[in-house]
Amino acid sequence: MSYLGKIFIYEKNPDDLKYYESDFRRNGFFVFGPNNLYLLTQYAKEMKPDIVIINLPQSLHPDDNTFNNIEESLCNTENCPDIYINTDWNFKHKDEFHSFNFISEDLTPEQIFNVVNQSSLTKH
């Protein structure tokens, strides 16, 4: 089966994650959604997703180094997916790394679809 694109989602709520996975698969996307951010970054090196959506817990207060490590794990010299993360943190990053304030503890379907619609997948 050919896919419209590969979407990786890190969402801490397992029920929401299952919903997103099934909905995007039904619509022709390959979706991978572990509940472990490290696992997501490791699989991304091999599978090269088109979009990565990361919904960090609001209790986590990352610093620049955290964002740089995430970016380095997801991007390589020839490929960097569109990366969306729920923060308004201002940090130096590649153009593909988008700060996106989801304004909620858990992602909603509307927020996910908004990210996909803004991504490069829909601009080709």
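Key figures for this structure:
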{"read-out": "Surface share of carbon and sulfur [accessible, 1.4 angstrom probe, percent] for region 38-87", "value": "45"}
{"read-out": "For VAL31, distant residues with modelled amide H under 5 Å away", "value": "ILE7"}
{"read-out": "Sparse-neighbour loop sites [chymotrypsin sites (Phe, Trp or Tyr not before Pro); region 1-34; at most 10 other C-beta within 10 Å; DSSP]", "value": "none"}
{"read-out": "At R0 = 41 Å, FRET efficiency that the Cβ-Cβ distance of ASN69 and ARG26 yields, to 0.05", "value": "0.75"}
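The values are calculated or read from the model by the stated rules, or taken from the named source; none is laboratory data. Computed from a prediction, not measured in an experiment: that's the story for all the values here. Virtual Cβ from ideal backbone geometry, glycine too; neighbours counted across all protein chains shown. Protein only, heavy atoms only, side chains kept; ligands, DNA and RNA dropped before computing areas. Shrake-Rupley method; radii C 1.70, N 1.55, O 1.52, S 1.80 Å.
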